[in-house]
């Protein structure tokens, strides 16, 4: 597994499991059981930022984020019922150049939030911080931002922009899991990103999960 679990609450685990079962697809699709299929992964590490001008490129050292003294890892929150309408809070913007995708990121991981665009799992890491940023979205309904995330390949870049800046992550791999596999929201001491959506398209049978590692912060 990618991370060791940091969530010990039985109630929280139940809420998270429920959300992964029904939170990223339409409510009338039937769930079935199937075996997990793993797709080979690779890792990409980098610690540089490129500042581009019209004639030159300057490389500036920018190591990965670290925890401040006394700072704890993020703790993912339990979710309300999947049809709960959450207050609209914009976290930032998601850009995936290889998919020609630009989407607003909203706080929340319920169906009404996913209907708006990309949902940020509350309590997971914020972009550019230590821990695992977890984002979900539809593949076939409403804005369907994650329709083609199965096409993402290791090394391709994902940009997350917030009030703190633009942070770049590099895809490391893709995996197909069961809806009850809640480990994908676990937090670790490195900066990572997880995207998830229902799989296959038009079904809530399984989940497709794309993993990425922190690469750099873009120069302002």
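Nothing in this text is a laboratory measurement; each read-out follows from the coordinates by a stated rule. Computed from a prediction, not measured in an experiment: that's the story for all the values here. Virtual Cβ from ideal backbone geometry, glycine too; neighbours counted across all protein chains shown.
Remarks
- Cβ-Cβ FRET estimate between residue 143 and residue 218, R0 fixed at 22 Å, reported to 0.05: 0.35
- Counting only the Cα atoms, region 104-220 fills a convex hull of 98 Å³ per residue.
- The distance from the alpha carbon centre of region 81-156 to that of region 185-201 is 10 Å, rounded to a whole number.
- Protection proxy ranking of 124-137, 160-173, 90-103, 201-214, by the mean of other Cβ atoms within 10 Å over each peptide's residues and highest first, is 124-137, 201-214, 160-173, 90-103.
- Exposure proxy ranking for 82, 115, based on other Cβ atoms within 10 angstrom of each Cβ and starting from the fewest, stands as 115, 82.
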